[in-house]
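> Let me give you the structure first, and then I'll get to my questions.
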Amino acid sequence: MRSGRRVRNPWWMLVVVVSLGAILGIVIGEALVGYPGLAFLSRDLHVGVDPPFTVDLKFFTFTLGFTFRLNLAVPIGIIIAIWIFRLLQ
């Protein structure tokens, strides 16, 4: 018989929820562009490797590049996603 302990979710579930929350935050930020009072939430910060790093060995080409596109609405989206996830448990 099980004790009263709560089963912990796997780590990948947290990664999925935070990623979906970040996407939700980007969508919220894009939706608020037209509202002058809330437009500051849509200001983007691009962090990453630009242009991508490429290694060409003539028989094999490897390209590495990534960019994080963050805005102030991303933390709001992450909080909403975690809140919904906690409600569904």
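Where a number appears in this text, it was derived from the coordinates with a stated rule and is not lab data. Computed from a predicted structure; not experimentally measured. Every residue, glycine as well, gets a Cβ built from its backbone with ideal geometry; the counts of neighbours run over all protein chains shown.
> What full-extension length gain, to one decimal in nm, is calculated for LEU14 and LEU87 as 0.36 nm per residue of separation minus the Cα-Cα distance?
Net length gain for the segment: 24.8 nm.
> Identify which of LEU57, LEU14, LEU32 has the largest mean-square fluctuation in a Gaussian network model of the chain, with springs joining Cα atoms closer than 10 Å.
LEU57
> What spacing in nm lies between the two simple spin-label points modelled at VAL27 and PHE59, each 7 Å away from Cα in the Cβ direction?
Result: 4.7 nm between the two label points.
> Hey, what D do you get for the chain in µm²/s if you plug the Kirkwood alpha-carbon radius into Stokes-Einstein at 37 °C and 0.692 mPa s? Don't jump to the answer; show the numbers that get you there.
Details: Rh = 16.0 Å.
Translational D for this selection: 206 µm²/s.
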